1. Which condition breaks for L155 when tested against (1) under 30 Å from H665 (Cα atoms); (2) modelled with pLDDT of 90 or more?
2. How about segment 1031-1064: which of its residues are under 20 Å from S958 (Cβ atoms) and surrounded by 21 or more Cβ atoms within 10 Å (Cβ to Cβ)?
3. What number of residues within segment 1007-1024 satisfy the criterion of being free of Cβ contacts under 8 Å to residues at least 12 places away in the same chain and within 52 Å of the chain's Cα centre (by Cα)?
4. Could you grab me the full set of residues in segment 123-158 that are within 22 Å of N505 (Cβ to Cβ) and among the aliphatic types (A, V, I, L, M)?
5. Could you tell me which of the residues T462, T442, T470 is surrounded by fewer than 18 Cβ atoms within 10 Å (Cβ to Cβ) and under 22 Å from Q33 (Cα atoms)?
6. Select from segment 156-168 the residues that are among the hydrophobic types (A, V, I, L, M, F, W, C) and surrounded by fewer than 21 Cβ atoms within 10 Å (Cβ to Cβ) and list them in ascending order.
7. For segment 115-155, which residues satisfy the criterion of being over 10 Å from the mean Cα position of the chain (by Cα) and among the aliphatic types (A, V, I, L, M)?
8. Among residues belonging to segment 538-582 that are hydroxyl-bearing (S, T, Y) and more than 30 Å from W654 (Cβ to Cβ), point out the one that is modelled with the highest pLDDT.
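The values are calculated or read from the model by the stated rules, or taken from the named source; none is laboratory data. Just so we're clear, the structure is a prediction, and the values are computed from it rather than from any experiment. Reconstructed Cβ throughout: ideal geometry from the backbone, glycine too, with neighbour counts over all protein chains shown.
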Amino acid sequence: WFLDLFRIVNYDDNFRNYVILAPKYLRAKHPYQLSIATHDFNGFTKLHLAIDGYTENDEVANVIKEVHLKRSQTQLVEIDTTTLPPGSFSLNILSGSGGEVNLTIPLTVLDKAYTVLIQTNKPIYKPGNVIKFRVLLLDEATKPVHKPKAIHVTLADPDGNEIKVWPYAMLQNGVFQSQLEISNEPNLGNWSITANAYGKDHTFSFLVDDYKLPKYELKVSTPQPATVSDREFSVDVEARYIFGRPVKGNATITVNGPKKQSKTAKINGKIRLSFSMIDLLHQTSIVDEIIPVEVIVVIHDQYTRENIKATNMFRIFNQSYRLSLKKSSKYFIPGHPYRCIVEIKDQNGRLYSGPNGYHNTSEMRLNPESDGTVPLTLEVPEQVTHIELNISYRDTNEHFELQRIHFSTTGQIQASIITEQLTLNTPIMVQVQSSIALNHLTYQIIAKGKIQTVQQMRFDDTDSVQFNITATPEMIPNAKVFVFSMHNGLILKDTVPLMISSLPNWVNVTLPNEKVQPGSRIQLEVESTPNSLVGLLAVDRGAWLLGDGNQITKQSVLDEIGTFSDEIEGDNDDSYFTNYGERETIIVFLFFHIYCQHAALTARFGNFVPDEEDAYIPPRKEFPESWLWLDLQKTGMDGKLHIADIVPDSITNWEITAFSISPEHGLGVQDEPVALAVSKPFFITINVPNSIKKSEVAIVKVAIFSVLNDTSYVGVTLKNSRQEFEFVDNRGRKDVSYQAKNVIVTANSATTVLFKIKPKKMGNIVIKVIAETTEASDSTEQLLRVTPESLPYSITEKRLIQLQNNRQSFELELKIPRHIDVNSEEIHFSVQGNLLGDSVDGLDEMIRMPTGSGEQNVLKMVPNLVLLDYMVGVGKVNVPLRNRAIKFLGMGYQNQLKFKRNDGSFSMFGQQDNAGSVFLTALVAKTLHQASQFITVDEKVIENAYDWLRQQQKMDGSFTELGNIPEYGLQRKHTEKSVLTAYTLVAFLENDRISEKHKSIIDKGTQYLVSKIQGLESSYALALTAYALQLAQYKQEYAFSKLLENSQSNNGFRWWNDDNTAEATAYALLCYIQRGDFVDPLPILRWLISKRHLFGPDNIETTFIGLQAIAEHSKRISPNRNNYEVSISRESNQLVTLNINPETSLTVQNVSLPSNVRKVRVMVNGTGTGTFSIHYRYKTNILNLRPRFDVKVQTLDTTTSHYLDLKICAKFKPSEAYEISKLALMEITFPSGYIALDESVEELEKMDTIRVRYGRLAKIYSV
């Protein structure tokens, strides 16, 4: 090992002996150490040490040190190399008095300077969850680093797109803690967190996926590893709800081996079924040592009637156990005892854990330990050169060989560890045996490529010496002891490894009770070293069944620290041992009996999380999957920390872990998670549909669980105190405030009760159930959403306020029809002193289009982006609003990455489309470029999009569409080359850096547009072309002049008639702004504001360009001069008065008006600008409308009273023959009380056109 790791130099000249132990490795940001020992010379001498080399820029770099030495001295010399830049270096050693020492040793630079650990608060996340994480930066002794003060942290999606970057993540005692909310429709798969310290990346991944917390935990195992000699192959099954209660039902176990076998039996939590090994193997010829067997378990829960399934693979072996030999040293010395340990493991790798006992052997009588080991001491005679050990148990035989040490003419030494359990800060005894008498010895401890300790000892002549060393944190998890001595001018040496599995710090969490009820207040006591920072985490057991995640465990820390040593290869001392001599054999036979308990393998299913309310506590509503994730807290001088908290509402089992970190003691980790069981002896759950229509009947299913020891007579009552629904089968009872049913629940079992109700109102109604026995009671409350059989209508009318110390008057009539749902109308008035209006308020409510395509998703980003740009432009920032907009913008960015193709383009459905879309790629590229001012956007995404667009330009400078764009609205016009070319050119021109990089693309595109102006008839095409040429600074005015000729004006408004009137008018306004004219376009601005209701759901470009144009003009009008009063009245009655001033200009002021208002008069008096709007909505029963779909429902023959198997066919019915659907969303609700089986949904999801969004299934049709 040392030949590969170290250069060991022994010089003997003029009676001067040196032994130099010099690492061949130089670790970045760490000092370089070497040891120098002198022997048998008079006087003093000195050595010149230098580390010389070249940096990566071929610049000379070196560090020099001079060492003074005297006789019989061992020095540990440290050279400060912490400031050396990356490069190639060597160690040069030269004696000061002449040429007796002149050595050059090439050094290998190791870049691992720190340990990085990352912890997440859950192993798996759903869309919409918040990722909470911690990054720990530790040195090789697990202590927090002092430098750097900050690191670079990046969070990326499965495609490597940067979602969030923390460029200066500040460390607190080596820890950075932060969080990020995932969008509702992100890229699913393995996300990553990358921490960069001193230029080296450390990446950890976690899964984002749609999942449900398991309801059950199903364990499938074998009682012991199976062998071909067994009579039976046995399978153990344990099925429990996640809160611990055993599952009752029928279990079917299928074993797929050489021959398939299956059995069914009743189960009550546990069952063992056995299968004939002869029948299972079916006369199979046993050639391989292992025969794979698949075990499939399906359990039908008799209470919930759900099927639970698990599949595990097992192996049938030729023999039952594996035997291995742990050697105290690689070789033995004849005449000295040799120690070793026989390890006995089952075929799953677990150590024997049976009882102790004596066992007869032909040579000796041994006592195996209960941990599966057999300590063995061999008395080796002088003449022995070779030892063979044959060890057997039952059907297992192993053969081992031990070799004699390779003698030189001067003799050899051997080192071994006497202490069995090696722990930090406790003595470890080392024994050194020699074939000749010694009077001095030097030992050095090497760990992670560094010399940790050097010590020289002198003693009377002896061939065996023992000494103690102390393990330090720097030696974790492994180190080596190097011992050497000088004899007749030659070196005798040996090495022995140290394996240390403890951490330098410790932490322990204790609970007052291991079992509590939901909502209880508990106090955790945490103990560690004084002034340690403690991080806690509790995770729902159901979440752990879905994956391990990034957790800080003792083993993960040891593994990570061990990578310091993993960089250093080599374990070869053989060239020092060459002589074998005479050969004689000792044979040892061991016979003993062992019983091994086989731990169960777990099939990961289930978390049963019912909604429950104890009669004496509030209803449970919060069901987090992780808990206790707090800011790091410090222990006191006594090392203790008390944390009080409320137990979440989930009935489940929590696993609590902790770590502590201290600058003095380093890192400590809780050895094993602390379990906290949350349950009640008697509880109920309610199962109702997510929502029902007002005219439907809902089935309320109540499950009663009892772990009481006696049979209970239970009264179950469904409360209706608010008269929100009626009972369908009330059997003539006049009291409709409740309905009660009685059931018998036997001890430790469950049952169900059904209620049928019909809602009397819309909105949320309260479903409250009480279950009572003479011994216990429980109450649960849940909301059932009742929706009308109606369609909502929403209308907004907006006006521009423009005052110069004068008055404006407006009269508006609300267009609400007579025949609407009673009390469904809502009327709201809002005023704001900025032209963006209610974009500033209700960002998340402004866009109502359903998501599901690459185009629609951009729409969610637009209002947030425009608002942020506007606030920066006018210099007034509403901080909470800004943060909210940035949050929505970040989520939109995450969602958009799902539609990015491998070639850098974007399309409606990403990789599922045949090609990228020029239009959509241009739209996304310019949107992300603008968004990068406010959120983290991976520059590669933008660069690749523009590079892809560059490749699509034709020789004449035009662009043509490649992707499948639905043929409607604006998208239809983008199939025209001139329109698409102008649009794509704008995307390049609005990005200064990109336009400079792709100047030739812009020049060719500009010339193409100029050549097509004469033939442009569409106002939209003309406005877009004029804007593109304005951005390109094209000097001729023909396009702009022709645009003005096509305009319409009336009553102070100016606009352009077109199929895309709003977009054409918005681009015209942008042309004026680009020319520096802000007065003449006021009639255009007035028209756009009056048409704000067009923005949003109808067309993405309407929203994008309309808001952009208004915001660009608004930035030129300061709200600081606003000072006016707005009065709202109907007929002669004044309803409300609002005031606008510079302080309220960025705030939207809202008031609700009476629902019977149909005419409104608005008076404005003062100075300033702004907008006001009247927004009203109402509902009309869908049964009164002409249906737009033909829907046929077929009930299949497999339908039962508890199971519906349906086939649904839908056809769109256009109003006119030429009508084409844009993007249709059809929602078909199941009959009340029914939900879709997960298996059927998963099967449908495999189809390319099927999507699951917001818990609903959608089929997407391309047109």
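1. It fails just one condition, (1).
2. A1039 - this is the single residue of segment 1031-1064 that is under 20 Å from S958 (Cβ atoms) and surrounded by 21 or more Cβ atoms within 10 Å (Cβ to Cβ).
3. Total meeting the criteria: 0.
4. Scanning segment 123-158 gives V135, L136, L137, L138, A141, V145, I151.
5. Answer to the selection: T470.
6. V165, W166 - these are the residues of segment 156-168 that are among the hydrophobic types (A, V, I, L, M, F, W, C) and surrounded by fewer than 21 Cβ atoms within 10 Å (Cβ to Cβ).
7. Scanning segment 115-155 gives V116, L117, I118, V135, L136, L137, L138, A141, V145, A150, I151, V153.
8. Across segment 538-582, the extreme among qualifying residues is T563.
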